[in-house]
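First up is the structure itself, then whatever we jot down about it.
The values are calculated or read from the model by the stated rules, or taken from the named source; none is laboratory data. This is a predicted model, so every value here is computed, not measured. For neighbour counting, all protein chains shown are included, and Cβ atoms are generated from backbone atoms with ideal geometry for every residue, glycine included.
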Amino acid sequence: MLRKGAYEVGASHYPVMILLHVSFFISLIVEVLLVDRPLSPIFLLLFIIFICTQALRIWCLSTLGEYWNTKIIILPGANVVKKGPYMFIRHPNYLVVCVEILLLPTMFQAYFTAIMFTLLNFIMLSVRIPLEEKALMEATNYTSEFKKKITAN
């Protein structure tokens, strides 16, 4: 996409986001190993929700195709994707990550990790989503498409 004139937004916070996600998995492993708790009594239910969440992730990835990226890459003049899960929610992959960060630790009763990283992820997304939305509004048909969606509802 960069060869087509795309540019990155939010590059300064991207390493922090990577650190957050790596730290999440380290914290999860350490907490599970250090705190001797059994699996959650509702592990099976949580696991089923986890599998459904992964199905949503695959739907997100397959819908975006070549446009999927962990960075905020903006292609000026592009039409925003408005099919698949994007018909229902603007940032479905962020929903997937939020659910994972809460769900995975809860499956193993790693409550410190669940609470701490849910809060940290909330802070990260409170920075990231407004930057992404602003860039999409300025460089694509995002605003007009979103207005159409609101008007249709």
Subject >> Matching residues, the range 2-36, being surrounded by 15 or more Cβ atoms within 10 Å (Cβ to Cβ), of a type outside the set (Phe, Trp, Tyr) and within 15 Å of Leu103 (Cα to Cα) >> reply: His21, Ser27, Leu28, Glu31, Val32
Original post:
Which residue pairs have Cβ atoms under 7 Å apart, sit 6 or more places apart or on different chains, and have a first residue in the range 66-83 that is closer than 13 Å to Ala135 by Cβ and touching a residue at least 24 places away in the same chain (Cβ under 8 Å) and a second that is crowded, with 16+ Cβ neighbours inside 10 Å and of a type in the set (Phe, Trp, Tyr)?
Top reply: Val80/Tyr142
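This table checks each residue for (1) under 30 Å from Arg37 (Cα atoms); (2) at pLDDT 90 or above.
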{"position": "Asn79", "(1), (2)": "no, no"}
{"position": "Pro85", "(1), (2)": "no, yes"}
{"position": "His91", "(1), (2)": "no, yes"}
{"position": "Val96", "(1), (2)": "yes, yes"}
{"position": "Leu102", "(1), (2)": "yes, yes"}
{"position": "Met107", "(1), (2)": "yes, yes"}
{"position": "Met116", "(1), (2)": "yes, yes"}
{"position": "Ile123", "(1), (2)": "yes, yes"}
{"position": "Lys149", "(1), (2)": "no, no"}
Original post:
Which condition number does Ala78 fail, the rest of (1) surrounded by fewer than 16 Cβ atoms within 10 Å (Cβ to Cβ); (2) closer than 24 Å to Leu2 by Cα; (3) out of contact with any Gly (no Cβ under 8 Å at 6 or more places or on another chain) being met?
Top reply: (1)
Original post:
Mind checking which pairs have a first residue in the range 122-137 that is over 15 Å from Lys71 (Cβ atoms) and a second that is at pLDDT below 95, Cβ under 6 Å, 6 or more apart or different chains?
Top reply: Met137/Thr143
Original post:
Residue check, Phe146 against (1) farther than 30 Å from Ser40 by Cβ; (2) surrounded by 15 or more Cβ atoms within 10 Å (Cβ to Cβ); (3) under 17 Å from the mean Cα position of the chain (by Cα); (4) not aliphatic (A, V, I, L, M), all met but one. Which one?
Top reply: (3)
Subject >> the range 81-109 - residue that is outside any helix (DSSP H, G or I) and charged (D, E, K, R) and, of those, surrounded by the most Cβ atoms within 10 Å (Cβ to Cβ) >> reply: Arg90
Subject >> Residue list for the range 37-80, restricted to those being part of a loop (DSSP other than H, G, I, E, B), within 19 Å of Cys98 (Cβ to Cβ) and touching a Leu at 6+ places or on another chain (Cβ under 9 Å) >> reply: Ser40, Trp68
**OP:** Search the range 26-37 for residues that are more than 11 Å from Phe112 (Cα to Cα) and pair each with any residue that is surrounded by 11 or more Cβ atoms within 10 Å (Cβ to Cβ) and aliphatic (A, V, I, L, M) when their beta-carbon atoms are under 8 Å apart and the residues are at least 6 apart or on different chains.
**Re:** Arg37/Ala110
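From the list Asn93, Asn79, which one is within 21 Å of Val127 (Cβ to Cβ) and of a type outside the set (D, E, K, R)?
Asn93
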